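What follows is one structure encoded as structure tokens, with my remarks underneath.
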Amino acid sequence: MSADSPIIKKELREYVDILGYSESELLKKNREETKKLGPISIMQVGAAQGAFLSILCKCGKFKNCLEVGVFTGYSSLCISSAIENDSRLTVIDNNNEYLDIAKKYWKLANVVEKINVIKKDALEALSELKSNSDKQFDFAFIDADKANYVEYYDLILPLMSRGGILCIDNTLWKGRVYDLDNQTDSTKAIRSLNQKIKNDKRVEHSILTIYDGMTICYIK
């Protein structure tokens, strides 16, 4: 996130980076390697968000987790390291280059056995999971292409068990969501999702002003 973000001021961001979370050496190495990819590294989940996901998963003791959008594996490291050995994390991504980086770190973290990789387009993969009525997730995390956020939400919610938790990244989108002059497809999609969740009686939700915004939904 840039220093002039309207979501978090530079001084606050620096303070949080110093005192706001603890980051393992392995996570730091993953972040450093991701930075070498160049500007696209901005896609990586924030360290404070990773710490939040880890604590949430430890508290929730989730057994069947889902992640849509892996990138280089930072958030999946946080989730898979936090869940018990008999729990499972299903991840969906179709980018071989980034998945190879993620797999390297999963191996180093000894969490490979907990992770099931679906290497497909996310909409296709979620549609197939939806057709399997036996598949129920008690935790899910969405951090993929923003233009399809509404579709991901609609496909994932029926896959969630009652009392489950769904987290969605980038829901404040660097302030673009409240800049009415911004009419890009991604911004409009996130606006639509935020409004949809607000009106959805199936969930209780809160938008957290952490990093680039993260929405947490409780499935009723």
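FYI, it's all coordinate maths here, none of it is from the lab. Worth saying up front: this structure is predicted, and the values here are computed from it rather than measured. As a convention, Cβ positions derive from the backbone with ideal geometry for all residues, glycine included, and neighbour counts pool all protein chains shown.
Ignoring lysines fewer than eight residues from residue 130 along the same chain, the ones with Cα atoms less than 17 angstrom from its Cα are 119, 120.
The mean sequence separation of alpha-carbon pairs under 8 Å and at least six residues apart, normalised by the residue count of the stretch 170-220, gives a relative contact order of 40 percent. Take every Cα pair under 8 Å whose residues are at least 6 apart in sequence, average their separation, divide by the length of the stretch 1-79, and the relative contact order is 33 percent. For the cross-link pairs 9/198; 28/114; 61/114; 9/61; 29/107; 58/198, which exceed 24 Å when the distance is taken from alpha carbon to alpha carbon? Check vs 24 Å cut-off fails for 9/198; 9/61; 58/198. Only Lys, Arg, Asp and Glu carry charge here, each on its Cβ (+1 for the first two, -1 for the last two); on that basis the chain has a dipole of about 380 debye about its Cα centre.
Take every pair of alpha-carbon atoms less than 8 Å apart whose residues are at least six positions apart; their mean separation over the length of the chain yields a relative contact order of 19 percent. Placing unit charges on the Cβ atoms only, positive for Lys and Arg and negative for Asp and Glu, gives the stretch 42-123 a dipole magnitude near 180 debye about its Cα centre. Length gained on full extension, residue 37 to residue 179, computed as 0.36 nm times the residue gap minus the Cα-Cα distance: 48.2 nm. With the cut-off at 1.5 for a/c, could you classify the chain from its C-alpha gyration tensor as rounded, prolate or oblate? Here the chain falls in the rounded category. Note on residue 207 and residue 84: their simple-model spin labels are 3.6 nm apart, each label 7 Å out from Cα toward Cβ. Distance between the C-alpha centres of the stretch 90-111 and the stretch 145-220: 25 Å, rounded to the whole angstrom.
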